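First up is the structure itself, then whatever we jot down about it.
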Amino acid sequence: MNTTSSQAQTAGTLPALSFHTLGLMFISGFFATNAFDLWGQIISPALGFATLSPHGLAKSLLGSLGLPNGDFGGYFVHFYAVGLIGYPVGWMFIFAPLWQRVVGNTHWLLPSAIYGFGLWVFAIGGITSVAGLPFFLNFSGIVWVALVGHVLYGIVLVAVLKLIERSQGASS
């Protein structure tokens, strides 16, 4: 059975475990992570706001777990483990199916923004605490830049998934 992600999400079921789904995760995660980093490391500081250092948070987490926590590890966790795999899995296999079952069909923008907000709570509220950093980083300027970044991540992730889905529907 070969269903598209929207057919699976419309029914409130999980997407197929396939190379196609893995490709969707990597492509959408790539663009979403780049949007997050563009906002947090270039646009935000250019506007006079804080600069995000997500690989720094990943390094702190790795160190608190007793794992090697050099720059490579931080970037690997941020970009690959979280941006390309973890957060897309959370959307495709957890949040989107639950949203469909509980709320039903809505425009994709609302659930994607709510998902991004949830990622922010998870990363800045949860992961920072596990990494030994202050809860919500004491609500410093970086927290609010991270909020925008995570919501942007969620929106771009789902927008790219929808764009791919639409282009596949047009070609079949």
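Quick check on my filter: what residues within the range 70-91 are of a type in the set (Gly, Ala, Ser), surrounded by 19 or more Cβ atoms within 10 Å (Cβ to Cβ) and either touching a Leu at 6+ places or on another chain (Cβ under 8 Å) or not in a helix (DSSP H, G or I) (or both)?
Going residue by residue through the range 70-91, those that are of a type in the set (Gly, Ala, Ser) are 70, 73-74, 81, 83, 86, 90.
Imposing the further condition that a residue be surrounded by 19 or more Cβ atoms within 10 Å (Cβ to Cβ) reduces the set to 74, 83.
Selection gives GLY74 alone.
Looking only at the range 108-147, count every residue that is among the polar types (S, T, N, Q) and within 26 Å of ARG166 (Cα to Cα) and tell me the total.
Within the range 108-147, the subset among the polar types (S, T, N, Q) is 112, 128-129, 138, 140.
Imposing the further condition that a residue be within 26 Å of ARG166 (Cα to Cα) reduces the set to 112.
Qualifying residue count, the range 108-147: 1.
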List every residue pair whose Cβ atoms sit under 6 Å apart, with the two residues 6 or more apart in sequence or on different chains, where the first one lies in the range 12-34 and is surrounded by fewer than 18 Cβ atoms within 10 Å (Cβ to Cβ) and the second, anywhere, is part of a helix (DSSP H, G or I) and among the charged types (D, E, K, R).
-> GLY12/ARG101
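Residue-by-condition table, conditions (1) in a helix (DSSP H, G or I); (2) farther than 14 Å from LEU119 by Cβ; (3) of a type outside the set (A, V, I, L, M, F, W, C):
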position	(1), (2), (3)
MET25	yes, yes, no
PRO45	yes, yes, yes
PRO68	no, yes, yes
PHE93	yes, yes, no
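Against the condition free of Cβ contacts under 8 Å to residues at least 60 places away in the same chain and under 30 Å from PHE139 (Cβ atoms), how does ILE85 come out, does it pass? If you could, list the steps in order and put the result at the bottom.
Values: free of Cβ contacts under 8 Å to residues at least 60 places away in the same chain: no; under 30 Å from PHE139 (Cβ atoms): yes.
Here the answer is no, as ILE85 does not meet what is asked.
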PRO68, sole failed condition from (1) more than 17 Å from the chain's Cα centre (by Cα); (2) modelled with pLDDT under 90 = (2)
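Here's the yes/no breakdown for (1) farther than 24 Å from LEU65 by Cβ; (2) assigned to a helix (DSSP H, G or I):
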{"site": "ASN105", "(1), (2)": "yes, no"}
{"site": "TRP144", "(1), (2)": "yes, yes"}
{"site": "TYR153", "(1), (2)": "no, yes"}
{"site": "LEU157", "(1), (2)": "yes, yes"}
Filter the range 51-66 for residues that are part of a loop (DSSP other than H, G, I, E, B) and of a type in the set (A, V, I, L, M) and give the result.
-> LEU52, LEU65
Restricted to the range 8-50 and to residues being within 19 Å of the chain's Cα centre (by Cα) and hydroxyl-bearing (Ser, Thr, Tyr), the residue modelled with the lowest pLDDT is THR21
Residue set SER112, SER129; condition over 21 Å from LEU38 (Cβ atoms), among the small types (Gly, Ala, Ser) and without any contact (Cβ under 8 Å) to a residue 60 or more places away in the chain; output residue SER129
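Name the residue that is nearest to the chain's Cα centre (by Cα), counting only residues in the range 159-172 that are free of Cβ contacts under 8 Å to residues at least 24 places away in the same chain and part of a helix (DSSP H, G or I).
Step one: list which residues in the range 159-172 are free of Cβ contacts under 8 Å to residues at least 24 places away in the same chain, which gives 163, 166-167, 170-172.
Cutting the leftovers down to part of a helix (DSSP H, G or I) gives us 163, 166-167, 170-171.
On the way: LEU163: 17, ARG166: 21, SER167: 22, ALA170: 27, SER171: 28 Å.
Once the filter is applied, the top-ranked residue is LEU163.
The values are calculated or read from the model by the stated rules, or taken from the named source; none is laboratory data. For clarity, every value in this text was computed on a predicted model and none was experimentally measured. Here Cβ is always computed from backbone atoms with ideal geometry, including for glycine, and neighbour counts include all displayed protein chains.
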